[in-house]
Amino acid sequence: MEESKIHKEAVKELAELSEVAPAIEGVSTGTKLDELFFKVEKGKKKPLGGVPKGGVLNIVGVPESGKSVLVEQVAIHQASLGSKVLFLTTESPANFLYTALKGKAEAMGIDFSEIEGKIVVVDASIDELLREDLPSLLATLNYAIKSRGTNVCVVDSITGLYEHKEIMARSIVRRVYNLLKREMQTTFLVSQKRSSQGMETSEAAGGLAVAHIVDGTIVLEKRVITNKFEENIYRMSVGEVLRLLRIDGCRLCGHDPRPWVVKITDEGLIEMIEPLVEFIRKNKGG
Ligand SMILES: Nc1ncnc2c1ncn2[C@@H]1O[C@H](COP(=O)(O)OP(=O)(O)OP(=O)(O)O)[C@@H](O)[C@H]1O
Ligand SMILES: [Mg+2]
């Protein structure tokens with residue numbers, strides 16, 4: 001039988017936690033998402049001006065739904081504000097990521113030379129050993145966070161860490177999550193969704209593993225107009241794509257639950273237009 005050990009450090013009175021309890025603050029994304037998270041003070045809603053600081057958010061969507069576009073844009077925006085950003089890539093090799101980020105910074109009107117030193121890339125896309133060996137990956141991330149003093153983190157994608165072992169998804173996500181929480185990294189974890197899973201659900205590859213562990217979920221959806229009914233309500237044509245973004249849940253603070261219509265510009269920037277309900281109402285009138 002296994003020997004039991006008492007973990008005394010895990011037992012604390014609430015009073016002992018007041019020093020280490022994080023305040024509810026926002027970390028700006030530079031998009032309208034910043035207005036959608038709020039706290040309530042004296043009965044009044046107060047927008048955080050960003051995603052909750054120290055939160056680990058899951059960005060879920062099918063291929064081409066805008067996950068990478070969104071997190072790359074946030075990484076650049078945060079770097080332009082002076083944050084140090086850790087970018088773990090399991091998809092796009094670092095040199096391709098460089099080109100993508102450079103193009104995006106230009107499109108955003110941000111001087112790339114000012115931010116190149118602020119984004120720290122950990123490339124697990126080509127290095128299979130790093131991607132497959134979780135303890136080494138965690139040690140590498142921990143080293144990057146500590147040695148470069150990062151406070152914002154992007155993982156594109158977390159799904160890339162359990163491609164051939166979805167049964168392990170939960171424990172992999174949990175261990176990455178624990179490290180990021182311990183190090184107080186405000187994090188955007190991209191997770192891929194299968195087309196067999198409902199478009200609008202937050203269920204990512206690996207089942208529900210991710211959604212239950214993270215602090216909140218943002219779902220990106222691509223809705224292709226396929227019939228007359230949809231043509232009528234959205235005032236779009238069959239074959240056109242309506243892109244939506246929705247905060248599916250957040251356990252750290254309040255949030256706007258409505259789906260928002262989003263657009264990806266020709267330069268590859270994501271723009272939040274308006275809540276879907278207003279988009280439909282407007283189209284009815286006009
Ligand atoms: N640099 C760019 N210029 C113009 N449009 C772009 C650019 N990058 C992406 N897009 C558009 O944004 C869409 C979404 O791309 P994105 O790479 O964010 O998808 P994704 O959700 O990360 O998909 P995947 O799961 O395959 O990684 C693309 O299909 C394309 O239409
Ligand atoms: Mg992507």
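For this structure, a couple of remarks:
- Among the residues of the stretch 242-252, those that are of a type in the set (Lys, Arg) and assigned to a strand (DSSP E or B) comprise Arg243, Arg246.
- Lone unmet requirement of (1) assigned to a strand (DSSP E or B); (2) more than 16 Å from ligand 2 (Cβ to nearest atom); (3) under 23 Å from Glu183 (Cα atoms) for Glu16: (1)
Quick grid of which residues meet (1) of a type in the set (S, T, N, Q); (2) away from ligand 1 (no atom under 13 Å from the Cβ); (3) touching a strand residue (DSSP E or B) at 6+ places or on another chain (Cβ under 8 Å):
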residue: Ser202; (1), (2), (3): yes, yes, yes
residue: His212; (1), (2), (3): no, yes, no
residue: Thr217; (1), (2), (3): yes, yes, yes
residue: Glu221; (1), (2), (3): no, no, yes
residue: Thr265; (1), (2), (3): yes, no, yes
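- Any hit, the stretch 64-71, residues being at pLDDT 95 or above and β-branched (Val, Ile, Thr): yes
- First in the stretch 57-85 and farther than 20 Å from Ser113 by Cα, second anywhere and within 9 Å of ligand 2 (Cβ to nearest atom) and among the hydroxyl-bearing types (Ser, Thr, Tyr), Cβ under 8 Å, 6 or more apart: Lys67/Ser157; Ser68/Ser92
Listed here are the residues, each with its yes/no results for (1) surrounded by fewer than 17 Cβ atoms within 10 Å (Cβ to Cβ); (2) hydrophobic (A, V, I, L, M, F, W, C); (3) closer than 18 Å to Thr217 by Cα.
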| position | (1), (2), (3) |
| --- | --- |
| Met168 | yes, yes, no |
| Leu180 | no, yes, yes |
| Gly198 | yes, no, yes |
| Thr201 | yes, no, yes |
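- Any hit, the stretch 72-93, residues being within 16 Å of ligand 1 (Cβ to nearest atom) and among the acidic types (Asp, Glu): yes
- Of the residues screened, Ser125 is one that is within 16 Å of ligand 2 (Cβ to nearest atom) and not hydrophobic (A, V, I, L, M, F, W, C).
- Here the stretch 64-104 is the region considered, the condition is being assigned to a loop (DSSP other than H, G, I, E, B) and farther than 20 Å from Glu271 by Cβ, and the residue that is nearest to ligand 2 (Cβ to nearest atom) is Glu91.
- Of all the numbered requirements in (1) part of a loop (DSSP other than H, G, I, E, B); (2) surrounded by 14 or more Cβ atoms within 10 Å (Cβ to Cβ); (3) modelled with pLDDT of 95 or more, Gly109 misses one, and that requirement is (2).
- The set of residues from the stretch 48-63 being within 16 Å of ligand 2 (Cβ to nearest atom) and surrounded by fewer than 21 Cβ atoms within 10 Å (Cβ to Cβ) comprises Val62, Pro63.
- The strands (runs of 3 or more DSSP E) located wholly in the stretch 141-241 that include 3 or more residues which are more than 16 Å from ligand 2 (Cβ to nearest atom) occupy 216-224.
- Unmet criterion (only one of (1) assigned to a strand (DSSP E or B); (2) surrounded by fewer than 24 Cβ atoms within 10 Å (Cβ to Cβ); (3) at pLDDT 95 or above) for Lys45: (3)
- Verdict on Gly103 being surrounded by fewer than 21 Cβ atoms within 10 Å (Cβ to Cβ) and within 15 Å of ligand 1 (Cβ to nearest atom): yes
The values are calculated or read from the model by the stated rules, or taken from the named source; none is laboratory data. All of these numbers come straight from a predicted model, not from anything done at the bench. Cβ atoms come from the backbone with ideal geometry, glycine included; neighbour counts cover every protein chain shown.
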